[in-house]
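The values are calculated or read from the model by the stated rules, or taken from the named source; none is laboratory data. All figures in this text were calculated on a predicted structure; none of them were measured in a lab. Neighbour counts run over all protein chains shown; Cβ positions are idealised from the backbone, glycine included. With ligands, DNA and RNA removed, areas are computed over all heavy atoms of the protein, side chains included. Shrake-Rupley method; radii C 1.70, N 1.55, O 1.52, S 1.80 Å.
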Amino acid sequence: MATNRESVDLVEGDVVRQFARAAVLAALVGASIFVTIPYPFSPAPITLQVLFVFLAGLVLGPVWGAISMLCYLTAGAAGLPIFSGMEAGFGPLVGNTAGYLWSYPLAAALIGAVVHRGTDLQNPADVPLPIVVGALVAGTILIYAMGTAYAAWLQALEPWEAITVYALSFVPAELVKMAAAIAIVKSGRLEPVGS
């Protein structure tokens, strides 16, 4: 019996590095649940998850940023306790705060597309500050629009009640996370692969 020994093309180093970075950011989103602050004005706690969604889009760009967040959701759905409150499985992906979770890949893609102006990555430290701020604001609006709309639909809340409970009360914390993300990328220490 003859054995077929054909050569195999190796995966490019940039792809391996991007996947590794995506995996690290997905792990950081999961690890960030250990910094959960109960918030008396909302059933959703304050976490650092959105900071890492910001960084995924800023550093990895629209494609790998979204892949990173999909890896996070997949790992949580598969049973790793990496959702808020150390929850796991499919329940959190359909529960009260599921809209936030499902928005993460979309927000990372949006932030990455605005900052990098497409899929060709550039160093976010070199991107003008107003563009970075605009991208983070757009990503935040997307996250809170999806999170609030889903919670309102699921709980039959009036729109203003849902906005007040699930979005407006978090604005101060999101401003701090935006400032942290900007400081991290503007430090110049996180250059995208291939930039």
Problem set entry | Surface accessible to a 1.4 Å probe, per residue, for the residues of the chain, Å² | 51 Å²
Exercise. Where in the chain lies the longest segment free of trypsin sites (Lys or Arg not before Pro) that are both loop residues by DSSP (not H, G, I, E, B) and have at most 16 other Cβ atoms within 10 Å?
Worked result: 6-116
Problem set entry | Stokes-Einstein translational diffusion, the chain - Kirkwood Rh over all Cα pairs, 1.002 mPa s, 20 °C, in µm²/s | 124 µm²/s
Problem set entry | Dipole magnitude (debye, nearest 20) for the range 86-195, charges at Cβ of Lys, Arg, Asp, Glu | 240 debye
Seminar exercise, completed: Shape descriptor, the range 112-195: equivalent ellipsoid semi-axes (Cα gyration tensor, sqrt 5λ, whole Å, largest first) stand at 31, 14, 9
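In debye, nearest 20: dipole of the range 1-100 around its Cα centre with unit charges on the Cβ of K, R (+) and D, E (-)?
Values: 3 positive and 5 negative charges, 34 e Å.
In debye, rounded to 20, the range 1-100 gives about 160.
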For this session: With only Lys, Arg, Asp and Glu charged, each at its Cβ (+1 for the first two, -1 for the last two), find how big the charge dipole of the chain is about the Cα centre; round to the nearest 20 debye.
Result: 260 debye
Exercise. Which percent of the accessible heavy-atom area of the chain goes to carbon and sulfur, probe 1.4 angstrom?
Worked result: 69 percent
Problem set entry | In nm, spacing of pseudo-spin labels at Val176 and Ile37 (7 Å Cα→C-beta vector) | 0.3 nm
For this session: Using a Förster distance of 41 angstrom, determine the FRET efficiency expected from the C-beta separation of Leu154 and Arg189, and round it to 0.05.
Result: 0.55
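Using 0.36 nm times the number of residues separating Leu80 and Arg17, minus their current alpha carbon distance, what extension gain do you get?
Values: separation 63, 0.36 × 63 = 22.68 nm, distance 2.36 nm.
Additional length available on full extension: 20.3 nm.
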For this session: Order the peptides 77-85, 141-149, 98-106, 60-68 from the highest to the lowest mean number of other Cβ atoms within 10 Å of their residues.
Result: 60-68, 98-106, 141-149, 77-85
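Given the C-alpha atoms of the range 29-92, compute the convex hull and give its volume per residue in Å³. Intermediate values should be presented prior to the final figure.
Details: hull volume 5.1 nm³, N = 64.
Looking at the range 29-92, the number lands at 80 Å³ per residue.
What FRET efficiency comes out for the pair Asn96/Glu6, r = Cβ-Cβ distance, R0 = 41 Å, nearest 0.05? Walk me through the intermediate numbers first.
Working: r = 52 Å, r/R0 = 1.27.
FRET efficiency, Asn96 to Glu6: 0.20.
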Seminar exercise, completed: Under the 7 Å Cα-to-Cβ spin-label approximation, Leu129 and Glu87 lie apart by a distance in nanometres of 3.9 nm
Exercise. In percent, how large is the relative contact order of the chain, given Cα pairs closer than 8 Å and 6 or more residues apart?
Worked result: 23 percent
